[in-house]
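Worksheet for the structure shown next.
Every number here is computed from the coordinates shown, using simple stated rules; none is lab data. Being a predicted model, the structure only gives us computed values, none of them experimental. Ideal geometry is used to build each Cβ from the backbone, glycine not excepted, and the neighbour counts take in all protein chains shown.
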Amino acid sequence: MFDPVINKIIKLIHEQLNNSGPISAMFLIGGLSESKYLQKRIREEFSSKVKNSNISVPSQPVVASLRGALEYGLNMKKIKTRRLLRVGSFC
């Protein structure tokens, strides 16, 4: 049921990683990142590509994405680039 969505997420993360150098951490944020199944699939797929297998999920992943959106809404000039210096993939 979720596999088509998760496969698309994995594909998008691969695209991000192919366009970046090595990464030292990956943070999963947003509602779907609370899914243990998604976390498992992403760890299986990307642990070897992230230094020390540092793939993390904040204790409140929905709040993490909401906070970022609020901060951007309050000060749109604050974001200098839409891509992190160390690329992360957001789910």
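Some points to look at:
- Lys/Arg +1, Asp/Glu -1 at C-beta; region 3-74 dipole; positive extreme among 55, 32, 70: 55
- Rounded to whole numbers, the Karplus 3J(HN,Hα) couplings from phi for region 61-68 are x, 5, 5, 4, 6, 5, 4, x Hz, using 6.51 cos²θ - 1.76 cosθ + 1.60 with θ = phi - 60°, and x at Gly and Pro.
- Ranked by the mean number of other Cβ atoms within 10 Å of their residues, highest first, the peptides 28-34, 42-48 come out as 28-34, 42-48.
- Calculated from backbone phi, Karplus (6.51, -1.76, 1.60) coupling profile of region 4-11 in Hz, x at Gly/Pro: x, 5, 5, 4, 5, 4, 4, 4
- Sequence-distant residues sharing a close amide H with residue 29 (under 5 Å, placed H): 91
- Couplings for region 16-22, taken from phi via the Karplus curve 6.51 cos²θ - 1.76 cosθ + 1.60 with θ = phi - 60°, read 4, 5, 5, 9, 9, x, x Hz in order; Gly and Pro are left as x.
- Stokes-Einstein D (µm²/s) once Rh is taken as the Kirkwood radius of region 3-74 over alpha-carbon pairs, at 20 °C in 1.002 mPa s: 165 µm²/s
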